[in-house]
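Shown next, in structure tokens, is the structure this report addresses.
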Amino acid sequence: MSISATFDQLLRGGRVICPASGIDGIKDVAIRNGKIAAVQSDILPTSAREVIDVTGKLVLPGLIDTHAHVYQYVTGRFGMNADMVGVQSGVTTLVDQGGPSCMTLPGFRHFVAEPAKSRVYAFLSAYLVGGLEGHYYPKLYSPDGVDIDATVKSATCNLDIVRGIKAHAEIGGFARWGIRVIEMAAEIGRRADLPVYVHFGQLWGLPESGTNGEDVDTILARVIPLLREGDVLAHPFTRHPGGFVNREGEVHPVIQAALDRGLKVDVGHGSHFSYRLAKKAIAAGIIPTTLGADIHGYNTHVPAPAGTPDQHEDDENHPFAGQAKFSLVQAMSSMMALGLSLEQVVPMVTSNPAKMLGRADEIGALRIGREADVSVIGERTGRFVLRDNENNEVIAERLLQPEFCLRAGARYDAVAPILPQAVAA
């Protein structure tokens, strides 16, 4: 192929990995008018207005974070600035998990998705109140707080940004209302023909009456039959009761059967993540499909908005609390430190989430004619300490760090203040 046209930018000399296109090698990526114009070896530097030397870097399709909380201000301390966890962290596409509801989606569209430099989608909350700091107010998340018809209508009328439904299956809710809320969420997903993303692992504190006969280790087995191919099991490696590993330290036998019939797994890293339990699940052959970061204002160091509760009776054992800084790219390093290869991890943040969103024809690949969403990642070798919120540590011999990304050809450096720094072992 001869290159005669002028390109706006040329990313030269990096290792390009694009699972959807079957590319893995030293290539150049040329961009014209905000779109991918060429991906090949040895493009002449004189053919581009700007040449960016990315030798020694990874050049990936724009990273997709399948678990974000970016309904800033409306969801209290949960809601982060979209571009802080997006383009300023080397991530071009975000999926807000359950922040907006059928009641608040118009505000999410107008005040978050449209002005953001990052591409922003949402999995619509099954609950009328959405992600309004529900750990403080669990009564709002009862079956009475779900309107199936209204949520289906909201989702189907806004499919440009609504790409799924968010629900929770955990012991605090089951102890209060049983399985009814999940049944309703599954019906919303079926009627809207969208994937349902189900949080596992304890979320709310138990009521004063305790578990009311519910067993945390039976939740998975009861919920999975309600779900369809393409639905998503989230937080498999949670440190809280109700994840993939039961109280006896064994991986639930229902998980593999669920994966075999087409259900997916999203890490939902966040403050739930446990290296100890991840090792058990991965050893049992549970390989996540996607790798959401789950960054929010309770596991990053951001000021609480004025007027939100200063403290809560659950704060000492708060299920969302976290001190170990992380990012989507560092979550990639975590997976590699647990024994997965880079080649296994890259699809979790590119081609697989694009399929999950039903947008594989638009994002998640470096293909000619698509918007130039590209993430450039540095890779350091050595011995680095990664820590979870149980204070477990793993040693990473390869540490990935975001350098910059292009979103539709516009460059954004990875300058987010929430990004973790390397800690040498």
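The values are calculated or read from the model by the stated rules, or taken from the named source; none is laboratory data. Just so it is clear, the model here is predicted, and its values are computed rather than measured. With ideal geometry, Cβ positions are generated from the backbone for all residues, glycine too; neighbour counts draw on all protein chains shown. All accessible areas refer to the heavy atoms of the entire protein, side chains included, with ligands and DNA or RNA removed. Shrake-Rupley method; radii C 1.70, N 1.55, O 1.52, S 1.80 Å.
At a glance:
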item	result
Test: residue in region 68-82 that is buried (at least 20 other Cβ atoms within 10 Å of the Cβ) and without any contact (Cβ under 8 Å) to a residue 40 or more places away in the chain	yes
Helices (runs of 4 or more DSSP H) (entirely within region 144-235) containing at least 2 residues that are under 25 Å from Pro288 (Cα atoms) and among the charged types (D, E, K, R)	180-192
Qualifying residue in region 76-98 (condition: more than 23 Å from Tyr197 (Cα to Cα) and over 20 Å from the mean Cα position of the chain (by Cα))	no
Unique residue being over 27 Å from Met356 (Cα atoms), in contact (Cβ under 8 Å) with a residue 24 or more places away in the chain and in contact with an Asp or Glu (Cβ under 9 Å, 6 or more places away or on another chain) when the list is Gly34, Gly13	Gly13
Any pair with Cβ under 8 angstrom, 6 or more apart, that starts in region 105-127 at a residue that is over 16 Å from Lys153 (Cβ atoms) and of a type in the set (S, T, N, Q) and ends at one that is modelled with pLDDT of 95 or more and not in a helix (DSSP H, G or I)	Ser118/Gly86; Ser118/Val91; Ser118/Thr92; Ser118/Thr93; Ser118/Leu94; Ser118/Arg407
Of all residues making up region 260-269, the number that are open to solvent by 10 Å² or more (accessible area, probe 1.4 Å), touching a residue at least 60 places away in the same chain (Cβ under 8 Å) and assigned to a loop (DSSP other than H, G, I, E, B)	1
Qualifying residues in region 359-375 (those that are more than 20 Å from Ile295 (Cβ to Cβ) and part of a strand (DSSP E or B)) - the one farthest from the chain's Cα centre (by Cα)	Glu371
Residue that is surrounded by the fewest Cβ atoms within 10 Å (Cβ to Cβ), among those in region 40-63 that are assigned to a loop (DSSP other than H, G, I, E, B) and of a type in the set (A, V, I, L, M)	Leu44
Residue match in region 317-330 (condition: at pLDDT 95 or above and either in contact with a helix residue (DSSP H, G or I) (Cβ under 9 Å, 6 or more places away or on another chain) or open to solvent by 10 Å² or more (accessible area, probe 1.4 Å) (or both))	yes
Scan of region 386-425 for residues that are at negative phi, in a loop (DSSP other than H, G, I, E, B) and aliphatic (A, V, I, L, M), ordered by number	Ala414, Val415, Ala416, Ile418, Leu419, Ala422, Val423, Ala425
Considering residues of region 161-210 that are of a type in the set (Lys, Arg) and in contact with a Gly (Cβ under 9 Å, 6 or more places away or on another chain) only, the residue surrounded by the most Cβ atoms within 10 Å (Cβ to Cβ)	Lys166
Candidate set: region 396-425, residues that are open to solvent by 60 Å² or more (accessible area, probe 1.4 Å) and of a type in the set (A, V, I, L, M, F, W, C); chosen: the one modelled with the lowest pLDDT	Ala425
Number of the condition not met by Val95 [criteria: (1) open to solvent by 10 Å² or more (accessible area, probe 1.4 Å); (2) in a strand (DSSP E or B)]	(1)
Tally, over region 365-395, of residues that are in contact with a Ser or Thr (Cβ under 9 Å, 6 or more places away or on another chain), open to solvent by less than 10 Å² (accessible area, probe 1.4 Å) and not hydrophobic (A, V, I, L, M, F, W, C)	2
Per-region count, region 235-266, residues in contact with an Asp or Glu (Cβ under 8 Å, 6 or more places away or on another chain) and of a type in the set (A, V, I, L, M)	1
Tabulated pairs, region 232-254, first more than 27 Å from Ala354 (Cβ to Cβ), second small (Gly, Ala, Ser), C-beta under 6 angstrom, 6+ apart or interchain	Arg239/Ser274; His240/Gly201; Gly242/Gly201; Val251/Ala281; Val251/Ala284; Val254/Ala221
Matching entry among Asp53, Asp83 (being of a type in the set (D, E, K, R) and within 22 Å of Arg380 (Cα to Cα))	Asp53
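Yes/no matrix, rows are residues, columns are (1) open to solvent by 40 Å² or more (accessible area, probe 1.4 Å); (2) under 23 Å from the mean Cα position of the chain (by Cα); (3) of a type outside the set (Gly, Ala, Ser):
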site	(1), (2), (3)
Arg222	yes, no, yes
Leu233	no, yes, yes
His240	no, yes, yes
Gly249	no, no, no
Val254	yes, no, yes
Ala258	no, yes, no
Ser271	no, yes, no
Arg276	yes, yes, yes
